[in-house]
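A.B. asks: My questions will all concern the structure given below.
The values are calculated or read from the model by the stated rules, or taken from the named source; none is laboratory data. On a predicted model such as this, the values are computed, not experimentally measured, just so you know. A quick note on method: Cβ atoms are made from the backbone with ideal geometry, for glycine too, and the neighbour counts reach across all protein chains shown.
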Amino acid sequence: MAQKTSGEFEKEFMDGLAGETGADLKAWMKIIDDYPSKKRNEIIAWLKSEHAFGHMNASLLAGIHANGGKPVYASTDDLLENQFAKAADMRPLYDAFIAFVAKHFPASSVLPKKTYVSVLENREFAAINVKPKELRIGLDLGDRPFDEKIEKAKLTGPMPRISHMFVLTDEKQLDEGVVEVLKMSHARCHGLA
């Protein structure tokens, strides 16, 4: 059974809001606007204590409010496009890397998140941060020593187990060495290493 995406959870929540609470999304945005605090955690606590929302739904509603009343997770296409807003020149290199991964890991999939792109095959084994002049490719390589190519991860978004990264600036870098580190990360993430 396929897991629901964040966007699917968010859409279900928004679609059912009026039926569950008696107020639609627009009404809830006004209610939150009238609440004196603008701090997200305080809004979440208030929605839970005063309006009987569960934690996940309170978080979703507070997130939508903080996003100007628009869905946060509505479209993975939007999530991906937002990452290229200040790095449009990196799109061809990103596309080349995704094709490279698909060739070597045909069962893998790509899932754009808010601040990074996850590469997974049941479990995330690589993460991509799009920067204006480079792609940072994060990997789970455990205690593998760092060297001139593979350095300590400096990525925004993925789980702390993404420990290492390499910087991709040119399609010519996509060689057997990259395949090997991707395989190592894939094996670690799937309990094969």
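A.B. asks: With the stretch 88-193 as the region, which strands (runs of 3 or more DSSP E) entirely inside it contain at least 1 residues that are under 24 Å from D78 (Cβ atoms) and in contact with a Phe, Trp or Tyr (Cβ under 9 Å, 6 or more places away or on another chain)?
C.D. replies: Because the criterion is at least 1 residues that are under 24 Å from D78 (Cβ atoms) and in contact with a Phe, Trp or Tyr (Cβ under 9 Å, 6 or more places away or on another chain), the strands (runs of 3 or more DSSP E) in the stretch 88-193 that meet it are 117-121, 123-130, 135-139, 164-168.
A.B. asks: What residue, of I64, I31, is modelled with pLDDT of 95 or more and surrounded by 13 or more Cβ atoms within 10 Å (Cβ to Cβ)?
C.D. replies: Working: I64 fails: modelled with pLDDT of 95 or more.
Criteria check complete, one pass: I31.
A.B. asks: Would you mind telling me which numbered condition in (1) of a type in the set (A, V, I, L, M); (2) farther than 28 Å from K131 by Cβ; (3) surrounded by 15 or more Cβ atoms within 10 Å (Cβ to Cβ) L93 fails?
C.D. replies: (2)
To keep it simple, each residue is scored yes or no on (1) within 19 Å of A127 (Cβ to Cβ); (2) free of Cβ contacts under 8 Å to residues at least 60 places away in the same chain; (3) small (G, A, S); (4) outside the structural domain of P158 (by TED's automatic domain parsing).
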position	(1), (2), (3), (4)
K11	no, no, no, yes
K26	no, yes, no, yes
I31	no, yes, no, yes
K39	no, yes, no, yes
G54	no, yes, yes, yes
L60	no, yes, no, yes
N82	yes, yes, no, no
A102	yes, yes, yes, no
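A.B. asks: Can you tell which of S118, S163 is of a type in the set (S, T, N, Q), surrounded by 15 or more Cβ atoms within 10 Å (Cβ to Cβ) and over 28 Å from N67 (Cβ atoms)?
C.D. replies: S163
A.B. asks: Still on this model: Name the one entry in F84, F125 that is of a type in the set (F, W, Y) and surrounded by 15 or more Cβ atoms within 10 Å (Cβ to Cβ).
C.D. replies: Among F84, F125, only F125 is of a type in the set (F, W, Y) and surrounded by 15 or more Cβ atoms within 10 Å (Cβ to Cβ).
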